[in-house]
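The values are calculated or read from the model by the stated rules, or taken from the named source; none is laboratory data. Values in this document were obtained by computation on a predicted structure and should not be read as measured data. Methodologically, a virtual Cβ is constructed for each residue, glycine included, from the backbone with ideal geometry; neighbour enumeration extends over all protein chains shown. SASA here: full protein model, heavy atoms, side chains in, ligands and nucleic acids out. Shrake-Rupley method; radii C 1.70, N 1.55, O 1.52, S 1.80 Å.
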Amino acid sequence: MKGLLAIPLVIVLVSMVAFPALAASPDLLISANGGTIYFPGENAAVFFTATANGALVNPDTITATLYLPGNANSFSLTPTTVSTGVFYVNYALPANSLMGFYAVVITASYAGGAFRGSAVAGFEVSQGLADMKGDIL
């Protein structure tokens, strides 16, 4: 009888290895995207979603940090909720913005920390494009 009870357990374990999507995952999937190029004086925005087990969720904690080019400085950004599991952060680029790549790092946890995730999105502020802004627009 003991051998018969072990068979279903073996089948479950083998199916979890062979089909990992069937196994429970402690991951909170954060997907982030924003504009690719901004000019000094504009508002840069990064939108992101949070999903757990395929469903949009509102994480218990969310941190968003903006890193300036060359890691010159960083700022905490406050996420704004658009709807369940959909958020954005924005940053008003000063007129004298540093040129280069800006990175936004988002980390979050859900269900008391049982689910955790992070994502990185970024954008460019380019001097060449800033000089041609009038022509482009």
Point to revise | Residue pairs meeting the criteria (Cβ under 7 Å; at least 6 apart or on separate chains; first within 17 Å of Ala121 (Cβ to Cβ), in segment 61-84; second open to solvent by less than 50 Å² (accessible area, probe 1.4 Å) and charged (D, E, K, R)) | key: none
Study note, to complete from the structure: Counting only residues in segment 97-107 that are part of a strand (DSSP E or B) and among the hydroxyl-bearing types (Ser, Thr, Tyr), the one most open to solvent (accessible area, probe 1.4 Å) is identified as Thr107
Review point. Restricting to segment 84-96, what's the tally of residues that are in a loop (DSSP other than H, G, I, E, B), closer than 12 Å to Ala44 by Cα and touching a strand residue (DSSP E or B) at 6+ places or on another chain (Cβ under 7 Å)?
Key: 1
Practice item. Keeping to segment 44-82, report how many residues are modelled with pLDDT of 95 or more and either open to solvent by 60 Å² or more (accessible area, probe 1.4 Å) or acidic (Asp, Glu) (or both). Key: 11
Check your understanding: Are any residues in segment 18-38 at pLDDT below 90 and in a loop (DSSP other than H, G, I, E, B), and if so, which ones?
Key -> Phe19, Ala23, Ala24, Ser25, Pro26, Gly35
Check your understanding: When Gly85 is evaluated against the numbered criteria (1) at pLDDT 95 or above; (2) open to solvent by 50 Å² or more (accessible area, probe 1.4 Å); (3) not hydroxyl-bearing (Ser, Thr, Tyr), which criterion, by number, is the only one it fails?
Key -> (2)
Practice item. Determine the pairs where a residue that is closer than 14 Å to Ala52 by Cβ, located within segment 91-118, has a partner that is basic (Lys, Arg) and assigned to a strand (DSSP E or B) with Cβ atoms under 9 Å apart, the partner being 6 or more residues away or on another chain. Key: Ala108/Arg116; Ser109/Arg116; Tyr110/Arg116
